[in-house]
Each structure stands twice: as C-alpha cells, then as structure tokens.
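Single-structure report; data block below.
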Amino acid sequence: MILIKLGGSVITDKKEYRTFNRDVVSRLCSEIKESGKEVMIVHGAGSFGHILAKKFELNSGFRSDEQIPAVAQVCYDVRELNAMIVNELNSAGIPAISIPPGSCFMMDDRRISFGDGEIIKSLVDKGIMPILFGDVVQDRKHGFAICSGDQIMERLSDIFDFEKVIFVSDIDGLFDDDPKNNPDARLYEYVDADTLESVRSESSVDDVTGGVYEKMKSMMRMTSPHRECILVNGTVAGRLRSALNGEKVICTIARGGIQ
Ligand code: IP8
C-alpha cells in the first residue's frame, strides 16, 4: 500500500479563502485509479483551514472565548473540503469515507494519538479508503490544537507498513532556495541523513533553508531502509500516476531513514 498526501497547495488556492481546485483533484483521483495501486490518502487544509486558523491563532490552543466560533468554522470548512475530495474519489471509482481527526482522535501537547488505528485498519480490510485530513483536534494540555496532515502521515506510517510515501505539492520537489524567486535554485533529487546534516548547517544563516530542513526531516522520518518518501508536483498532469507506477519523474526522493 502507498500513502499519499494531497497537499493544500495543490487541492486549494492557498491565498483565497475556501477555493477548491476541483479540476486538479478530479484529475489526481483519476491518476490514482488508473495506477491500480492500493493507497491511503491524507489531505491538507489549504485555504479551508490555514487562513482562519492563523487569524484566530488556533495553534496556540485555547486563549479566549473569541476563538470558539473560529474553531467551529474551521472544522466545518475542512469537513466541506474533505466531503468534496471524498466525492471526487467515489466518482473516480475509489470507495472512500471520511475520518475526521477532530471527531475521532485526541492530542496531548500537540501530538496526536489514535492507538493502533483499529478503525482505519477495519476500513482498509474491507477495501474502503479512509480519508484523513488536517483538522482542529481536542488537546489535553492546550484545549485544542491544529493537527496537520503531515503529523497524521507520520502516525499512519508508524502503524502501517507502506511500501512508499508520496507528498503531492505544487512544486517539483525540495530546492535549496525558493525556485519562484531564484532561477538558480537547485532541486534536491535525493535526500538522506547526510543531506539533512548539510542543510542543517546552512540553515543557521538562512531561514528559507531552515524551512526546507523541517520538511526534509519530516519526510526522512517516514523513510526506512526499505521505504522511500517522494515529493512530487501534482499540478503537472500524469506525474502522480508515474510516481505511483515507480517510473522516473522529476521529484525529490528521501531515503534511508533517520534515528
Ligand atoms: O494543511 C492544517 O493541516 P495541513 C490543518 O496538513 C488546519 O498543514 C486546520 C489548518
């Protein structure tokens, strides 16, 4: 089974509140179906989550009653996004149901816990794809917290023996600088524990590289000696399908695992 994250930058327009990229999502669902691979999907929140979450500082946890309507609104918005994605999957012939993390799981100091994943395993056994997503989740220490799709990916890859992990984004992979501002930015084709060390030393002088370091580290945590983690551009037609089929595509491949 392959674990896929459909990133918020590809499924929504991150700058415009609640803007769903239906055509892109519909194409990506068809590419998944055409690949014939068994997959599990997590998606990000994009403009259905981050805009209000930032405005009302939801990641700080409970601070004031003014945040409560925003918690309800963000939960409503990300569930609407999720419903549209589940609908696209079902239309593409992939039976899928929603598993809203905020309604099923708890967090403890911003770390999600969902035991041994019994609900998810039970669905997978029946050939139904559970769809999880970035959400606001109740937190024992902070009242509530933002649970990112990336963190859900990490938990799932602790529980399931995925053959591969694929992050679908709107960029070709990880670069040593922002490729939108720097035409000389270099794409990291491969990332391993050594690359991570070299990026960490550069990041002391460069915030942009620091961001790359965090993303790489998160990807590396999901790798093992036998499992690669790939970052691929989902705005390019056919690239996800090729990556699912194990073909060579423009991307960043993290491999090898970290301690
Ligand atoms: O888009 C964030 O999830 P992400 C979830 O995977 C919210 O980082 C509610 C902002």
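The numbers here are math on the coordinates, done by the rules we state, and not lab data. Please read all numbers here as calculations on a predicted model, not as lab measurements. We place every Cβ from the backbone using ideal geometry, glycine too, and count neighbours over all the protein chains shown.
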How far apart, in nanometres, would the label points at residue 237 and residue 182 be if each is projected 7 angstrom from Cα along the Cα-to-Cβ direction? 3.3
By the Cα gyration tensor axes a ≥ b ≥ c (a/c under 1.5 gives rounded; else a/b larger than b/c gives prolate, otherwise oblate), the shape of the chain is rounded
Using a Gaussian network for the chain with springs between C-alpha atoms less than 10 Å apart, which of these wobbles most: 144, 105, 48? 105
If the only charges are +1 at each Lys and Arg Cβ and -1 at each Asp and Glu Cβ, what is the size of the charge dipole of the chain around the Cα centre, to the nearest 20 debye? 520
Taking region 120-259 and dividing mean pair separation by its residue count, relative contact order in percent (alpha carbons under 8 Å, at least six apart): 25
Give the calculated FRET efficiency between residue 161 and residue 64 to the nearest 0.05, with a Förster radius of 35 Å applied to their Cβ-Cβ distance. 0.20
Take the alpha-carbon centre of region 135-190, take the same for region 26-103, and report the distance between them in whole Å. 15
For region 15-69, just the Cα set please: Rg and Dmax, both in angstrom. 16.2, 48
Want the number for residue 217 to residue 119: 0.36 nm per residue separation, take away the alpha-carbon distance, what's left? 32.4 nm
Calculate, axis by axis, the spread of Cα positions in region 1-148 along the three principal axes, and write the results as whole Å, longest axis first. 47, 36, 18
Starting from the 7 Å offset along Cα-to-Cβ, what nm value, one decimal, do you get for the label separation of residue 193 and residue 57? 4.0
Antiparallel %, DSSP beta bridges [both residues in the chain], to 5: 40
Any idea which of 224, 256, 128 is furthest toward the positive side of the dipole for region 115-259, if Lys and Arg beta-carbons carry +1 and Asp and Glu beta-carbons -1? 128
For labels at residue 1 and residue 245 in the simple 7 Å Cα→Cβ model, what's the distance in nm? 2.4
With Cα springs under 10 Å, the Gaussian network model of the chain assigns the largest mean-square fluctuation among 125, 176, 158 to 125
Neighbours of residue 257 by Cβ distance under 15 Å: Lys/Arg at +1, Asp/Glu at -1, summed charge -3
Sort the following peptides by mean Cβ neighbour count (other Cβ atoms within 10 Å, averaged over residues), highest first: 84-90, 245-251, 70-76. 84-90, 70-76, 245-251
Using a Förster radius of 22 Å, what is the FRET efficiency between residue 72 and residue 140 based on their Cβ-Cβ separation? Nearest 0.05, please. 0.65
Paramagnetic reach from residue 34 in region 219-252 [backbone N under 18 Å; point 7 Å along Cα→Cβ]: 232-250
